[in-house]
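I have placed the structure first, in the form of structure tokens, so that the comments after it can refer back to it.
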Amino acid sequence: MKRPTPTVTRTKRPGWVRTVARLMGWVPAAKLEREAILRAATHKTKLSDWGDEEFITGLDLLLEGVKDGGLDTLGRMAAFDTFSHAVCNRLHLEAAFATRPDLAEQSVAAPIVIVGLHRTGTTLLHNLLALAPGLWAPPFWMLSSPVPLARPDKRRQRTVRMLRASRLVMPELKAVHPLAADDPEECWSLFMNTFCM
């Protein structure tokens, strides 16, 4: 008999996580609203240039979809953190391009682009190509925080903490799509900054 492919919806969260989520019910839930997310990002980064504001349409659609998702307090806090981090990345990217316009002129010689539907082996192909001598694929920590800041080690540390937390809350995720901070990863985390995945 063929074993079913694990999904993040097939299993419940660990008991201790469900207990923490119930106990957190009294904590005011993070406001999953556009203005709250943008305000948090500008406060954290001390930046305010969004660049192209087309991302707001995607953010609004995502927030509308999440609103009906029945998230508990823990889920709302995780969503708020994920969305505000993506907006912080946008602000940092715009600041980097403003101070270094030459970055837009950089070229990548002979890039390899993998295109395919979900669950068709694109991740396996990506990981195999990343092992080839002479090729390079950015590690996940670099993709999830693409702009080097004053302390670049904080970029990797944040990714490690985020992955540790996601494994605690959703241990079955590693069976669906294994992630590690130092391993090469696909570009989905860069697209998160546009809210147009």
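The values are calculated or read from the model by the stated rules, or taken from the named source; none is laboratory data. Model, not experiment: these values are computed from the prediction. Using ideal geometry, Cβ is built from the backbone for each residue, glycine included, and neighbour counts are taken over all protein chains shown. Surface areas here come from the heavy atoms of the whole protein model, side chains and all, with no ligands, DNA or RNA. Shrake-Rupley method; radii C 1.70, N 1.55, O 1.52, S 1.80 Å.
Spatially, the range 136-191 and the range 70-117 are offset by 12 Å when compared through their Cα centroids. What percentage of the solvent-accessible surface of the range 64-118, computed with a 1.4 Å probe over protein heavy atoms, is contributed by carbon and sulfur atoms? About 60 percent, which is the carbon plus sulfur part of the accessible surface.
Simple spin-label estimate for Asp49 and Asp182 gives 3.6 nm between the two label positions (7 Å along the Cα-to-Cβ direction from each Cα). A straight chain from Glu33 to Leu149 at 0.36 nm per residue would run longer than the Cα-Cα distance by 39.0 nm. Among the chymotrypsin sites (Phe, Trp or Tyr not before Pro) found in the range 108-142, those both in a DSSP coil and sparsely packed, with 14 or fewer other Cβ atoms within 10 Å of their Cβ, are Trp136.
For a straight C-alpha distance cut-off of 19 angstrom, the aspartates and glutamates reachable from Lys154 (same-chain residues fewer than eight places away being disregarded) are Asp81, Asp182, Asp183, Glu185. Each label point was placed 7 Å from the Cα along the Cα-to-Cβ direction; for Ala132 and Thr82 their separation is 3.2 nm. Model label points for Phe191 and Gln106, set 7 angstrom from Cα along the Cα-to-Cβ axis, are 2.2 nm apart. The HN-Hα couplings worked out from phi for the range 34-50 by the Karplus form 6.51 cos²θ - 1.76 cosθ + 1.60 (θ = phi - 60°) are 3, 4, 5, 5, 5, 4, 4, 5, 5, 5, 5, 8, 6, 10, 9, 8, 7 Hz, whole numbers, x standing for Gly and Pro.
Percent relative contact order of the range 69-160, based on C-alpha pairs within less than 8 angstrom and at least six residues apart?
24 percent
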